[in-house]
Protein chains: 2
Amino acid sequence: MKDKRTALLESGLRLFVENGFHATPTSQIAREAGVATGTLFHYFKTKEDLINSIYIENKDLLIKALKMDLEEQMTVKSKLRKLFFNFVYWALDYTCELQFFNQFSNSPFIDQLTKEQGMERFSFVFEIVKNGQETDVLKDLPADLLFDVAQGVLNGFVLNLLANRDRVNDLNFLENGFSLYWDCIKG
Amino acid sequence: MKDKRTALLESGLRLFVENGFHATPTSQIAREAGVATGTLFHYFKTKEDLINSIYIENKDLLIKALKMDLEEQMTVKSKLRKLFFNFVYWALDYTCELQFFNQFSNSPFIDQLTKEQGMERFSFVFEIVKNGQETDVLKDLPADLLFDVAQGVLNGFVLNLLANRDRVNDLNFLENGFSLYWDCIKG
DNA sequence: ATAAATATTGACTATTCAGTCAACAAATAA
DNA sequence: TTATTTGTTGACTGAATAGTCAATATTTAT
């Protein structure tokens, strides 16, 4: 029976985003998940263990969403295009999760090991960038730089989209977003 | 005598970044500032008041750094160039402050009003972008979008630079960074 | 059916912390 | 000088909280 565990992960996620880590009592997390405090500590050794689990398990879900319809034989550009739109739609559907990552990815509550495990999962994107450079499709700059800057554009775009939700249905706007992203890194 | 107040702002900044807001006792902030607890509450009504003061006063310092050598008669491109480099050098000198903003700008500890006051101070950059659009130097897209995306590129670049500090002295690298930034928004 | 393992409960505790306060010190004004 | 305001101190308090534990319930294995 894993649904109490899931309920704890979900109420934890929401409450941590709303109130912060230490301002959220474990008792409240448990209450809003509809379980007893003891149950929280049955599934998670400590409160820190809970937030680390929220981080890593949602990273996994994000990665899964990013990989949707991503095929090996695609060109670098269409792979990055797919990644761009997969991320945008994920962000629209999982705003709370996005906020969680924005707020806690650099926080001291998530331990170093967990952060590294989270980063590792993005290595496949890094590989696409490197591949794009080897085939001269992307700019000849350090791959890690292209990666970071592309991520920056994407973050900025998504932030803007979430602040102007009415633009979501403007397909042109989304295409313009991808152009900004692509033009920034294309060779 | 404002130096005890300043010492509190500084130790607060450092400790909040290292341990987080609630994981930092006011007693520790006071101790590391070399003053008594009571003194903290003499200068700041509450612990929240302290973190809001850290936020807004460092925003002011950042804005001042950004405006260095920024002249009204400059072209849009050279203004943005100046802003780019001013931000990069500020980030290198004030890494702790940058981390503070990254970690707390979206946190629930800083109240809405303070956040808005912080945003307001960036309106002069927004004006430069709008001006660039009116003179057809920048892309014809919503000004707020250009602003957010440019900010994203800058963040990504700085993040990358801080992770590879040896690149700081490679002037070519910095110029490449600005090219990424400029090419992304130029019309 | 019985035993063993696993899940669930919530009252309880030892600790921690934000903020107070009354006393004292230093600076400033009259 | 004397009075008043402003700065400084740190022991103290009331409230809140992470995690425990012994009891009970439920599931799984034999």
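The values are calculated or read from the model by the stated rules, or taken from the named source; none is laboratory data. This structure is a prediction, so every number in the text was calculated from the model and none was measured. Every residue, glycine as well, gets a Cβ built from its backbone with ideal geometry; the counts of neighbours run over all protein chains shown. Note: accessible area is taken over every heavy atom of the protein model, side chains too, but ligands, DNA and RNA are not part of it. Shrake-Rupley method; radii C 1.70, N 1.55, O 1.52, S 1.80 Å.
Tabulated results
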{"item": "Matching residues in the stretch B:131-153 - criterion: being surrounded by fewer than 16 Cβ atoms within 10 Å (Cβ to Cβ) and basic (Lys, Arg)", "result": "none"}
{"item": "Qualifying residue in the stretch B:3-21 (condition: modelled with pLDDT of 95 or more, more than 30 Å from A:Asp111 (Cβ to Cβ) and either in the same structural domain as B:Ala150 (by TED's automatic domain parsing) or not charged (D, E, K, R) (or both))", "result": "yes"}
{"item": "Of all residues making up the stretch B:10-41, the number that are within 19 Å of the chain's Cα centre (by Cα) and open to solvent by 60 Å² or more (accessible area, probe 1.4 Å)", "result": "3"}
{"item": "B:Glu116 being more than 16 Å from DNA strand D (Cβ to nearest atom), away from chain A (no Cβ under 14 Å) and free of Cβ contacts under 8 Å to residues at least 40 places away in the same chain", "result": "no"}
{"item": "Condition check for B:Leu146: within 15 Å of B:Leu92 (Cα to Cα), facing chain A (nearest Cβ under 10 Å), of a type outside the set (Ser, Thr, Tyr) and touching a residue at least 24 places away in the same chain (Cβ under 8 Å)", "result": "no"}
{"item": "Subset of the stretch B:71-88 (residues that are open to solvent by 30 Å² or more (accessible area, probe 1.4 Å) and either without any contact (Cβ under 8 Å) to a residue 60 or more places away in the chain or hydroxyl-bearing (Ser, Thr, Tyr) (or both))", "result": "B:Glu71, B:Glu72, B:Gln73, B:Met74, B:Thr75, B:Ser78, B:Lys82"}
{"item": "Residue that is more than 10 Å from chain B (Cβ to nearest Cβ), of a type in the set (A, V, I, L, M, F, W, C) and in contact with a helix residue (DSSP H, G or I) (Cβ under 7 Å, 6 or more places away or on another chain), where the choices are A:Ile128, A:Ile185", "result": "A:Ile128"}
{"item": "Pairs with Cβ under 9 Å, 6+ apart, first in the stretch B:6-22 and within 11 Å of chain A (Cβ to nearest Cβ), second aromatic (Phe, Trp, Tyr) and within 14 Å of DNA strand C (Cβ to nearest atom)", "result": "B:Phe16/B:Phe109; B:Gly20/A:Phe21; B:Phe21/A:Phe21; B:Phe21/B:Phe109; B:His22/A:Phe21; B:His22/B:Phe109"}
{"item": "Matching option when the condition is assigned to a helix (DSSP H, G or I), touching a residue at least 60 places away in the same chain (Cβ under 8 Å) and within 16 Å of DNA strand D (Cβ to nearest atom), among B:Glu48, B:Glu32", "result": "B:Glu48"}
{"item": "From A:Asn176, A:Asn106, residue being surrounded by 16 or more Cβ atoms within 10 Å (Cβ to Cβ), within 13 Å of chain B (Cβ to nearest Cβ) and touching a helix residue (DSSP H, G or I) at 6+ places or on another chain (Cβ under 9 Å)", "result": "A:Asn176"}
{"item": "Where A:Glu120 falls short, out of the listed (1) surrounded by fewer than 16 Cβ atoms within 10 Å (Cβ to Cβ); (2) within 16 Å of A:Phe21 (Cα to Cα)", "result": "(2)"}
{"item": "Any chance A:Val125 is of a type in the set (A, V, I, L, M, F, W, C), under 12 Å from the mean Cα position of the chain (by Cα) and modelled with pLDDT of 95 or more", "result": "no"}
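Every residue, every condition in (1) farther than 25 Å from A:Glu18 by Cβ; (2) more than 16 Å from DNA strand C (Cβ to nearest atom); (3) of a type in the set (Gly, Ala, Ser), yes or no:
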site: B:Asp3; (1), (2), (3): yes, no, no
site: B:Ile51; (1), (2), (3): no, no, no
site: B:Glu57; (1), (2), (3): yes, yes, no
site: B:Asp93; (1), (2), (3): yes, yes, no
site: B:Asp111; (1), (2), (3): no, no, no
